[in-house]
Amino acid sequence: LLGSPQSLHAAVLASFAEPPRQRPDGSRVLWRVDQQARSEVVLYVVSPDEPDLTHLAEQAGWPTTGGWQTRPYGTFLGRITADDVWAFRLTANPVHSIRRVPAEPTKRTAHVTPRHQVEWLLNRQQDAGFAVLEKPEPREDLPPIDAYEVVAHSRKDLMFQKRGEKDTRTHQVKLTRVTFDGRLRVLDPAAFRRT
């Protein structure tokens, strides 16, 4: 299950009685897997509704050990205010659109270097209601991107087969997953909550 992002995504979505859909208020299901130690893997799920993870515990864990905890997220979100400073971890698939030949359609392509991945995050920060903190004394001899309190690490290419919506043929999908660790300041709490 952990080896297939497609299977894990389906398992997370199956944790809800009603199929989750993005709501008008922007709320949706987000999830991330962290490896805490060699033998400890943690699945974080943030969702508008409380999940029932029994099937995951039965399939991938030990169902009799009470393998998950839930906490209300709305209380936390309601306490976020402008100028709050937070440490963060974000796992994402940073992409951009390219066109190799002027007449062809654009193609979504992964950013593969840490510099481009951090730039991708920095380009989204204002619309997302936050600013990644700048280092107190950036060094002049380093690239400008190194002036921020953020690192991109743990890049992993994930591949799986997906069936097309309009035809029954399968095609290979490749995601480049990267984790960002850093510190940020909340600028617009409402936009930050939607992010």
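Out of the residues in segment 185-195 meeting the condition of being within 16 Å of the chain's Cα centre (by Cα) and within 20 Å of V118 (Cβ to Cβ), tell me which one is surrounded by the most Cβ atoms within 10 Å (Cβ to Cβ).
So, considering only residues that are within 16 Å of the chain's Cα centre (by Cα) and within 20 Å of V118 (Cβ to Cβ), the one surrounded by the most Cβ atoms within 10 Å (Cβ to Cβ) is F192.
Which ones in segment 164-184 are of a type in the set (S, T, N, Q), assigned to a strand (DSSP E or B) and over 19 Å from Q35 (Cβ atoms)?
The answer is T170, Q172.
Out of all the residues in segment 114-156, which are closer than 27 Å to T81 by Cβ and in contact (Cβ under 8 Å) with a residue 60 or more places away in the chain?
V118, Q126, D127, A128, G129, F130
Working only within segment 100-113, note down all residues that are in a strand (DSSP E or B), within 29 Å of E149 (Cβ to Cβ) and either of a type outside the set (V, I, T) or in contact (Cβ under 8 Å) with a residue 24 or more places away in the chain (or both). Step through it out loud before you land on a result.
Taking segment 100-113 and keeping what is in a strand (DSSP E or B), we get 107-110.
This time we only want the ones that are within 29 Å of E149 (Cβ to Cβ), so: 108-110.
Those that are in a strand (DSSP E or B), within 29 Å of E149 (Cβ to Cβ) and either of a type outside the set (V, I, T) or in contact (Cβ under 8 Å) with a residue 24 or more places away in the chain (or both): R108, A110.
Look through V95, V33, V42 and report the one residue that is closer than 30 Å to Y148 by Cβ and touching a Leu at 6+ places or on another chain (Cβ under 6 Å).
Numbers: V95 fails: touching a Leu at 6+ places or on another chain (Cβ under 6 Å); V42 fails: touching a Leu at 6+ places or on another chain (Cβ under 6 Å).
That would be V33, the only listed residue that is closer than 30 Å to Y148 by Cβ and touching a Leu at 6+ places or on another chain (Cβ under 6 Å).
Name the residues in segment 135-171 that are among the charged types (D, E, K, R) and surrounded by 14 or more Cβ atoms within 10 Å (Cβ to Cβ), would you?
The answer is D146, E149, R155.
Going through segment 114-153 one residue at a time, which ones are assigned to a helix (DSSP H, G or I) and more than 21 Å from T176 (Cα to Cα)?
Once the filter is applied, which keeps residues that are assigned to a helix (DSSP H, G or I) and more than 21 Å from T176 (Cα to Cα), segment 114-153 yields P144, D146, A147.
Between a first residue in segment 83-99 that is in the same structural domain as H153 (by TED's automatic domain parsing) and a second residue that is surrounded by fewer than 12 Cβ atoms within 10 Å (Cβ to Cβ) and among the hydroxyl-bearing types (S, T, Y), which pairs have beta carbons less than 6 Å apart while being 6 or more apart in sequence or on different chains?
Final answer for the pair search is S97/T106; R99/T106.
In segment 32-62, which residue that is surrounded by 12 or more Cβ atoms within 10 Å (Cβ to Cβ) and assigned to a loop (DSSP other than H, G, I, E, B) is modelled with the lowest pLDDT?
Among them, the one singled out is G61.
The values are calculated or read from the model by the stated rules, or taken from the named source; none is laboratory data. All values derive from a computational prediction rather than experimental measurement. Positions of Cβ are generated from backbone atoms using ideal geometry, with glycine treated the same way; all protein chains shown enter the neighbour counts.
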